[in-house]
Amino acid sequence: MSELRARAEGRGAVLALATLAVLATCALWALAAHELWRSTVPAGLPLPHVDARRFFSASFLRRSSSYDRFIDVDGLLASLTLLIVLALYARRGHRLMRESAAGRIGTGILLGMLGFALVWLAEVPFGLAAVWWERRHHTSHQGYAASLIDSFLSLGSRFVFVALALAIAMGLAGALRRSWWLVATPLFAALALLSSLLSPYLIPKTHPLRNPAIAADARALAATEGVAGTRVLVQTVSRSVTAPNAEAAGIGPTRRVVLWDTLLDGRFSRREIRVVTAHELGHIAHGHLLRRVGWLVLFLLPATALVALLTRGRGGLGRPEAVPLALFLFVALQLLTLPLWTLVSRHEETEADWSALQATHEPATARALFTRLASTSLSDPDPPAWSYVLYADHPTIAQRIALTEAWQARPPGR
Amino acid sequence: MSEHPVRLVITDDLRRKRLTVFFRLFLVIPHYVWLAIWGIGAFFAAIGNWVATLVAGRPPAGLHDFLALYVKYATHVYAYLWLAADPYPPFDGRPGYPVDVEIAAPERQPRLTVAFRLILVLPALLLAGSLLGAPNFGYSRWRTGNEATFNYAFGIVHAAAFLGWFASVAWRRMPHGLRDGVAWGLGYGAQVWAYLFVLTSRYPDSDPEVVLGEVPSRSDPISVEVRDDLRRSRLTVFFRLPLVFPHLLWLTLWGVLSLFVVIASWAATLVRGRPPAALHRFLSAYLRYQAHVYAFISLIANPFPGFAGSAGSYPAEVAIDAPQRQNRWTAAFRLLLAVPAWFLASAYGVVLWTAALLGWFAALVTGAMPRRLRNTGAHAFRYVIQVNGYLLLLTDAYPYGGPCRVPGLADEPSQSPAPFSG
């Protein structure tokens, strides 16, 4: 009797400890999220309402809305297809194990790659529809065959990533059984860091800024934003794309800003290019790429735990049979958390806009730039809520214009 | 399987006269002129034969014999030019030349395949081009504008003839392997011409064991065995290229390490006269892994290979003998000595990838790799792997340059061994 009681007490203590550990982890998670959410944009900054009709004609608003809705619906259908294909694959994918002579992990890698291969096949019509739509609206002049071949060949790099991730997860699951995810998460984070570090070297067709005035502006802005020495490069994309864009890439010694050559083709003034450059430098100054890795860890921790829990029925992720299910779960979780990812992205973009305003002190130029960006890329200045929540990784043009007005109206010293 | 109606007959004794070998290119000029004149007649005869066969369902005997004689004569001339035979050929294509072709009597042919012969022959022509050698024309886009480019891809025939020329001048003897390499291309070329001229409806078969009748069996220190069945998964065939990316990355990383290991092995072999067992093991695993990846990407085998190069884990397997004593001189100058083999291997590589490309389309449609393409690829694969093994100092036995028996190819199809069974 006393033995039973002692065992029950022991079990109770373990349960209490586990609960405590879970609570502590949740608290740590919340604390980390709070830290990552910190922004230099003043808290509670009132954004004035901006009526898009002030800046855009009615016909443009109609056209951009129709353009964006098609792209959004196409994307939504592609995502649904992705889920359906992976759900079917989770049920039947293990049959493809017979196509492998690669052992436990190698077979898992094959199943992982084939899952994405099937998804690619299923998504081909949606990709082609998007190309057709973009060509029709002159935002891209990439050919159908070129688009198809490009996306087929890009599967290769995706497969390398899948192979690496599965090799790590399955290797750990084979050795550590149920707790593999605890080790896998920091390992994946380290890989994400490595990827951020090396990603600038994978951007094709780049060259240094050739315009001395714009190069001088970039150097001055980098110094103003506290990231002096950051390289600013130009990427040649104009053979396939007409829309302008720019990006910040790399961390630490590899950090750089990459401007698309479509931004420098004469449609944008030097001052507008300054604002774009300052915006991208803002991302670097506020460590957004590093913070992304932090957000990734916060996502991976519960996601991998859930995958580990739900694949137990198939022997755990150490078994190749569990890979199709793990794939489905992981992608489903990614899609479910999509609104959170876009929220984080918009938050960072707002901070980069604010940073650009602080560095350039040119709200009128920023407004002109945003208006022109919307016109050239046919971006809906005020999309419907569902599209905004799911797909908007930047604030809407109306919100960005509102931010410039809020910056002008800010109290002195902020 | 019945014998192919276009059959190569080789009675050549490999002996060569230095003088005629040295001036072979010039000596053949009269034959070239005659071949061109005869070719004009053959062109119109082939059109007539095509129309007649389309109407009657069988080639007329007169036209058939005229065109068959032309194919035989052309084979004699090219056999002479590319050193597969030594005597100066007669100008009438009469039988009895040391490298001769026998073409079966006319028989009924399905009209549909006759009607579309010009299209149907295209894959065979592509493969024949890779066996013989083909020029490549193209345009490159440079910063200065478009530029026409020209290069020449050596086929096995041209590469073997080129190397055979030096060997024959030096030793008055054409190496057996190089002669068979040339004969393989000639025999397949004769089949393609016979098919194009509507002399037969049997599709050209590039399997060297079919073209040459028989190939030597050898016991080399590095041998290749292919025991895969011909079934192919359409899904993995379609995505074969991206699927192999992780392997290519891993192969590259392993290759970088292997470079240092092979240098160490080379130094050790020079000192001890034999590669150290540990280094030999490491390089053997690398070669096996390379073979598995090549076999997978070239559709010689179906299953996705493992990443460790484990022995016995794959249906296209490489057996490598334990480290043996090696001649220090051949070890010292291995890189230099390997140049001819490497040159020939690059020609074999073209055949391997051409067979893979054609096999990719076929396997995608039928769910199976055509036996002839699989076997053609496997023969080329054998040579490429042996050359790589020679370069990696796994043996000092020089790779045999001609087609030789690859165990497993002639056997009854079996289920793929070693699929992952959990």
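Any read-out appearing in this document is the output of simple, stated calculations on the displayed coordinates, not a laboratory observation. As the structure is a prediction and not an experimental result, all values here were calculated from the model. As a convention, Cβ positions derive from the backbone with ideal geometry for all residues, glycine included, and neighbour counts pool all protein chains shown.
A few notes on this one:
- Neighbour counting of Cβ atoms within 10 Å sorts the residues B:L373, A:L20, fewest neighbours leading, into A:L20, B:L373.
- Among the trypsin sites (Lys or Arg not before Pro) found in region A:157-232, those both in a DSSP coil and sparsely packed, with 14 or fewer other Cβ atoms within 10 Å of their Cβ, are A:K205, A:R210.
- Diffusion constant of region A:97-193 at 37 °C, which comes from Stokes-Einstein with the Kirkwood Cα-pair radius and 0.692 mPa s, µm²/s: 209
- Scoring B:227-234, B:40-47 by mean Cβ neighbours within 10 Å over their residues and listing the highest first yields B:227-234, B:40-47.
- Loop GluC sites (Glu not before Pro), region B:173-277 (other Cβ atoms within 10 Å of the site Cβ: 15 or fewer; DSSP): B:E214
- Loop sites in region B:83-122: trypsin sites (Lys or Arg not before Pro), DSSP, at most 13 other Cβ within 10 Å: B:R108
- Hydrodynamic radius by Kirkwood, which averages 1/r over all alpha carbon pairs of region A:1-95, in angstrom: 20.7
- Ranking of A:D382, B:D207 by count of other Cβ atoms within 10 Å, fewest first: A:D382, B:D207
- Span per principal axis, largest first, for the Cα atoms of region B:161-218 (Å): 43, 26, 12
- The value given for region B:220-289 is a Kirkwood hydrodynamic radius of 14.7 Å, derived from the mean inverse Cα-Cα separation.
- Over region B:280-422, relative contact order from alpha-carbon pairs under 8 Å, at least 6 apart, %: 29
- Taken along its principal axes, the alpha carbon cloud of region B:52-96 reaches lengths of 42, 16, 13 Å, longest axis first.
- Simple label model, 7 Å out from Cα along Cβ direction - A:A364 to A:L290, nm: 3.8
- P(r) tail, region B:279-422: Cα-Cα pairs separated by more than 27 Å, 23% of all pairs.
- Here the Gaussian network model covers chain B, with springs between Cα atoms less than 10 Å apart; of B:F197, B:F343, B:F239, B:F239 fluctuates the most.
- Per-residue [θ]222 nm for chain B (sum of -39500 (n - 2.57) over DSSP H runs n ≥ 4, rounded to 500): -18500 deg cm²/dmol
- Dimensions of region A:254-387 along the principal axes, based on C-alpha atoms and rounded to the nearest Å, stand at 60, 33, 25, largest first.
- Evaluated at q = 0.08, 0.11, 0.14 Å⁻¹: base-10 log I(q)/I(0), Debye formula over Cα of chain B: -0.49, -0.90, -1.31
- Normalising the average separation of contacting C-alpha pairs (under 8 angstrom, six or more residues apart) by the number of residues puts the relative contact order of region B:226-340 at 33 percent.
- Shielding value for B:244-250 is 6, the average number of Cβ atoms from other chains within 10 Å of each residue's Cβ.
- Amide proton proximity set for B:V9, modelled H, under 5 Å, gap of 5+: B:D100, B:V101, B:E102
- Volume of the Cα convex hull of chain A, divided per residue and given in Å³: 176
- Convex hull projection area averaged over all views, region B:251-301, Cα basis, nm²: 3.7
- Computed E for A:A385/B:L118 - FRET, C-beta separation, R0 56 angstrom, nearest 0.05: 0.35
- Note on region B:174-303: the C-alpha convex hull projects to 11.9 nm² when averaged across all orientations.
- Electrostatic dipole magnitude of the protein assembly as shown [Cβ: Lys, Arg +1; Asp, Glu -1; Cα centre; debye, to 20]: 680
- Cα-Cα separations in region A:179-288 greater than 21 Å, expressed as whole percent: 39
- Relative exposure of A:T311, B:T75, judged by other C-beta atoms within 10 Å (fewest first): A:T311, B:T75
- Gain upon complete extension [A:A27, A:A216; 0.36 nm per residue less C-alpha separation]: 63.4 nm
- P(r), alpha carbons of region A:313-414 - 5 Å bins starting at zero, rounded %: 2, 11, 16, 16, 14, 10, 8, 6, 5, 5, 4, 3, 0
- Region A:51-96: Rg to Rh, with Rh as the Kirkwood radius over Cα pairs: 1.41
- Per-residue mean of C-beta atoms belonging to partner chains within 10 Å, peptide B:225-233: 1
- Highest mean first, the peptides A:400-406, B:60-66 sorted by other C-beta atoms within 10 Å per residue fall in the order A:400-406, B:60-66.
- With the convex hull constructed from alpha-carbon coordinates only, the protein assembly as shown shows a mean projected area of 48.0 nm² over all directions.
- Under a model in which nothing but the beta-carbon of Lys, Arg (+1) and Asp, Glu (-1) is charged, region B:1-114 shows a dipole of about 200 debye around its Cα centre.
- √(5λ) per eigenvalue of the Cα gyration tensor, region B:76-128, largest first, Å: 30, 16, 8
- Put simply, region B:1-107 fits an ellipsoid with semi-axes of 29, 17, 8 Å; these come from the alpha carbon gyration tensor as the roots of five times its eigenvalues, largest first.
- Counting, for every residue in B:173-184, the Cβ atoms of other protein chains within 10 Å of its Cβ and taking the mean gives 0.
- Computed over chain A, the per-residue total of -39500 (n - 2.57) for DSSP H runs of n ≥ 4 gives a 222 nm mean residue ellipticity of -23500 deg cm²/dmol, rounded to 500.
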